[in-house]
Amino acid sequence: MSIIQTIRDKAWIIFVAIAVALIAFIVQDGFQGSGMFGQGDTSIGKINGKSVDLFEFEQKIKNYEDNYQAQGYNVNEQVRQQIRDEVWNSMIIDQVLNDRFKTLGFQVTDNEVYDILYGANPPAQLRQQFIDSLGNYDAQAAYTAIRSLQPGSPQHKSIYGEFIPALREARIKEKYVAAIANSAYVPKWLVEKNNSNNAQVADIEYVAVPYTSIADSTIKVTDADIKAYLEKNKDLYKQEATRSIEYVVFDASPNAQDTASLVQAFEQRKEAFKNAPDVNQYVSLENSESQYYDGIISRKEIKIVNFDDIASTEVGEVYGPYIDGGHVSLARMVEKKVIPDTVKVRHILIATNQRDQAGNMYPVRADNDAKELADSIADAIKKGSSFTALCEQFSDDQSSIANGGEYDKIVTGSMMPEFNDFIFKNATGAKGVVKTDFGYHYVEILSQKGNGTGYKVAYFTQSISPSDRTINAAQIAASTFAAGIKNYDQFVEKAKSQNLNRFTATDIKNLDANIYGIGNSRELVKWIYNDASVGEVSNTSFNVGNKYIVPVVTGDYKEGLMDVKKARALVEFKVRNEKKAEKIVNDAKNQADLQSIAEATGQLVLVADSVSFSNPYVSNVGQEQKFIGSAFNPANKEKVSAPIVGEQGVYFVKVKDIKAVTTIPTPVEEAQKSMIAQQKSMIGYRLFDIIQKSADVKDSRSKFY
C-alpha cells in the first residue's frame with residue numbers, strides 16, 4: 001500500500017510534466033506553421049526571389065516519372081533523383097525565361113498550337129496514336145478525338161491542362177533560342193583575314209626550354225604560393241559546397257554457406273519442377289526470376305555457358321541445380337527437335353492487341369472478329385486471291401507491309417513463341433493461321449536454310465541472396481566497430497587494429513543520391529550534412545546494397561574559392577611551372593642572341609621551316625599557341641623575341657621569313673556561312689547553361705529529400 005500511496009502522492013508531477021510537454025509541442029507546432037496552426041513551410045527554395053512550392057515541384061516530378069515510365073524506363077530511386085535535378089534545373093530556366101518572354105513580348109498563338117497538333121510534324125504521342133490505313137498520321141482523327149473530350153474529364157484535363165501548355169512552353173523556348181542564335185554574325189573582313197593567315201608559313205629559329213629540364217625537387221611551392229595563384233584565377237577555381245568522408249566497409253554479400261543453402265533448397269524442389277503438369281504456371285507461381293519461353297530455340301542461339309550438359313538431359317528430365325553467375329537454376333528439358341537455322345516467311349497480322357511505348361498491351365479488336373477475318377483471308381488466298389493485296393489492305397503489322405508481309409533470315413527466339421514454333425517446326429510451303437498475344441497471323445513459310453538441333457527448355461532461377469545470418473553478422477561487426485569511436489584518430493587506429501581498409505569519397509554535395517564507390521546512399525549523405533561535423537564518426541552503420549558502411553567526415557568545403565589544401569593537387573604543378581618559367585627567363589636575361597640563350601639554359605638552337613598558321617604544331621614543341629603566334633609576328637623578324645611563357649616551357653624565337661603559299665581558300669561567302677552556323681550551334685548549346693548560371697538561386701530541397 002505504501003508504494004501505491006507514494007505513486008498517488010507524486011502523480012501531480014507526472015500530470016504537470018505531460019501538460020508542459022503538450023504545450024511545448026503545440027507552441028513549437030505553431031511557430032513552425034504546421035499542424036492545427038498552419039500548413040507548414042513548403043518552400044523548397046527561391047529562384048530570382050520567387051518561392052518554389054513543394055507541391056508544385058512534386059507534381060512536375062510525377063509528370064516526368066509518368067513520361068519516363070511511358071517510354072519503358074524503370075523509375076528507381078537513382079532515376080528519381082536525376083528527375084528531381086532535371087525538374088529543378090528546368091524550373092530555374094523557366095523562371096528566368098518567363099521574365100524575359102514578358103519583357104520581349106514572346107508568345108505562341110492558338111493558330112501555332114493548331115499547326116503543332118495537326119500539321120506536318122505533330123507530337124510523337126499523337127503520331128503514334130492516330131494512324132490511317134496507310135500508316136500516315138491521321139490529323140482529322142486526332143482533331144476529332146481531342147475536340148470531343150468532355151470538359152472536366154481526366155482526358156480533357158490532361159490534354160488542355162498539361163499536354164498543350166507543355167507544347168506552348170516548348171515552342172516559345174524554340175523561338176527564343178532561334179532569336180538569340182540568329183543574332184550570330186561573322187564579318188567578311190574576319191573571314192578574309194582568316195584565309196590570309198591560313199595561307200602563311202614561317203621559317204624560324206628558336207630555343208625551347210622545357211619545364212622538365214628543371215627538377216621538381218628544386219622548386220618549393222608553399223601554401224602562400226597556391227593561395228596567390230587561386231586569387232589570381234578565381235573564376236577557374238570556384239567550387240560548390242561539398243564534403244568528404246573516409247569509411248570502412250563490412251561485407252554482407254552472400255557467402256558459400258548461403259549458396260549451399262539455396263542449392264539444397266533447389267534439390268528439394270527438383271522433383272516438383274519435373275512433375276509440374278503446366279511448367280509455365282509453375283515457373284510463374286513459384287516466382288522464378290527467369291520467364292518461360294514456350295518456343296523451340298536453336299543450339300546456335302543459346303548463350304548459356306554450360307548448355308552442353310543441359311542438352312544431354314532427356315526430355316522430361318531436369319538438370320541441376322547448377323550455379324550460373326549469381327543465380328542457382330534448374331533446367332527442365334521440354335522438347336528436342338531438328339529444326340532449320342533460319343526461315344523466310346510472309347504473314348498478315350489481324351491484331352487483337354498492340355503494345356504502347358511502355359510495353360503494355362492494349363486491345364484494338366475483339367478476338368472473335370479477328371479470328372473470323374484471319375480465317376476469311378486464309379480462305380481467300382487458298383482460292384487464288386493476291387497475298388500482297390490482302391496484306392496491304394488488312395495487315396496491322398505496319399513494319400512489314402512495304403515488303404509484302406515478308407521477314408527473312410528469322411532466327412529462333414526472335415518471334416512470339418507460337419509464331420516461332422509454327423515456322424521452325426513445319427516444312428517449307430506450310431500455311432496456316434497462328435494465334436499470338438498480338439492477334440491472328442496468316443503465315444506462309446517461303447524457305448528455310450541450314451539445320452541443327454533445337455531445344456525447348458524451362459528454367460527455374462533465383463538469385464543467390466545473403467541469409468539473415470550473413471546480414472546480421474556484417475551489421476553486428478559494423479556496429480561493434482562504430483561503438484565508442486569519438487574522433488578521426490580513433491577511427492584510424494581502430495581500422496588499423498582490425499586490418500580494415502579505409503576508403504575515401506570526396507566532392508559529396510548536399511543533394512547527392514549516390515556517392516562514388518559506395519552507390520545509392522541518400523541516407524548517408526543526409527547524415528554527412530545534417531547530423532555530422534568534420535571529424536565526427538557515425539555511431540551506427542549505413543546499409544548500402546550488400547555492405548554496411550561506417551563513415552567519418554574528413555572535410556567541409558564551403559561554396560566559393562577552393563581552399564589551398566584541396567586545390568594543391570590541381571594547381572601545384574602549374575605554380576611550380578610558373579616558378580620554373582621565372583628561373584628560365586632570369587637565366588636567359590641579358591643574352592643577346594639565340595646561341596647565348598641556348599648556352600645559358602643548356603639547350604640547342606633549333607630550326608623549323610614552313611611553320612603553318614593553320615596547323616599550329618611544331619616538332620619538339622607541340623601545340624603552343626603563343627609560340628605559333630610569335631612565329632608570325634613581324635616584330636620578331638631578324639631579332640630574338642621576348643621570352644614566351646607557354647604551357648610546356650619557355651621559348652625564344654627569331655623569325656627568318658614569313659611568306660604566303662599558294663592555296664585554294666574556301667570562298668568567303670561559304671566560309672562566312674559555315675562560321676555563322678558554328679556560332680549558332682554553340683549559342684543553342686550553351687544558352688540554357690548560361691541562363692541557369694545567371695539566376696539567383698537558393699536551393700533548399702535538402703529539407704525534404
Given 5 Å bins starting at zero, what is the percent of C-alpha pairs of the range 342-449 in each, up to the one with the largest pair distance?
2, 13, 23, 26, 21, 11, 3, 1, 0
Ranked by Cβ crowding within 10 angstrom, fewest neighbours first, how are LEU606, LEU104 ordered?
LEU104, LEU606
Dipole magnitude (debye, nearest 20) for the range 110-181, charges at Cβ of Lys, Arg, Asp, Glu:
160 debye
Rounded FRET efficiency, nearest 0.05, which uses the C-beta distance separating SER158 from SER414 and R0 of 30 Å:
0.25
So if I average 1/r over every pair of distinct C-alpha atoms in the range 110-181 and take the inverse, what Kirkwood radius in Å does that give?
13.3 Å
Cα centroid separation - the range 244-295 against the range 110-130, whole Å:
49 Å
Arranged from highest to lowest average of other beta-carbon atoms within 10 Å per residue, in what order do the peptides 677-685, 144-152 appear?
677-685, 144-152
For the chain, list log₁₀ I(q)/I(0) at each q in 0.05, 0.10, 0.12 Å⁻¹, using the Debye formula over Cα point scatterers of equal strength and ignoring solvent, two decimals each.
-0.51, -1.30, -1.32
For LEU511 and GLN398 in the same chain, what is the full-extension length gain: residue separation times 0.36 nm, less their Cα-Cα distance, in nm?
36.1 nm
Compute the distribution of all C-alpha to C-alpha distances in the range 169-235, in bins of 5 Å from 0, and list the percent of pairs in each, rounded to whole numbers.
3, 10, 7, 7, 8, 9, 10, 14, 12, 11, 6, 3, 0
Going from the fewest other Cβ atoms within 10 Å to the most, one would list ILE219, ILE528, ILE476 as ILE476, ILE219, ILE528
Apply the Karplus curve 6.51 cos²θ - 1.76 cosθ + 1.60, θ = phi - 60°, to the phi angles in the range 558-570 and return the couplings in whole Hz, x for Gly and Pro.
6, 5, x, 6, 4, 7, 4, 4, 6, 7, 3, 4, 8
Entries in LYS238/LYS496; LYS62/LYS558; LYS193/LYS580; LYS234/LYS580 that, when Cα-Cα distance is taken, lie over 25 Å
LYS238/LYS496; LYS62/LYS558; LYS193/LYS580
5 Å is the cut-off here: which amide hydrogens, built 1.01 Å from N in the peptide plane, fall below it relative to VAL650, excluding neighbours closer than 5 in sequence?
VAL209, TYR211
Give the longest segment of the chain that steers clear of GluC sites (Glu not before Pro) in DSSP loops with at most 13 neighbouring Cβ atoms within 10 Å, not counting the sites themselves.
318-558
Ranked on Cβ counts within 10 Å of their own Cβ, fewest leading, LEU97, LEU511 go LEU511, LEU97
From the P(r) of the range 256-336, could you give the percentage of C-alpha pairs in the tail past 22 Å?
22 percent
Net charge dipole size for the range 536-578 [Lys, Arg +1 and Asp, Glu -1 on Cβ; Debye, nearest 20]
180 debye
Considering the range 322-405, what Rg and Dmax in Å follow from its alpha-carbon atoms?
18.8, 56
Once you put a point 7 Å from the Cα of GLN648 and another 7 Å from the Cα of VAL492, both along the Cβ direction, what distance in nm separates them?
4.0 nm
Under the Karplus relation with 6.51, -1.76 and 1.60 and θ = phi - 60°, whole-Hz ³J(HN,Hα) for the range 245-257, x at Gly and Pro, equal 9, 10, 7, 10, 10, 10, 6, 10, 5, x, 9, 4, 5
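No lab work stands behind these numbers, since they all come straight from the coordinates. Values in this document were obtained by computation on a predicted structure and should not be read as measured data. Neighbour counts are summed over all protein chains in view; Cβ atoms, including those assigned to glycine, are modelled from backbone coordinates with ideal geometry.
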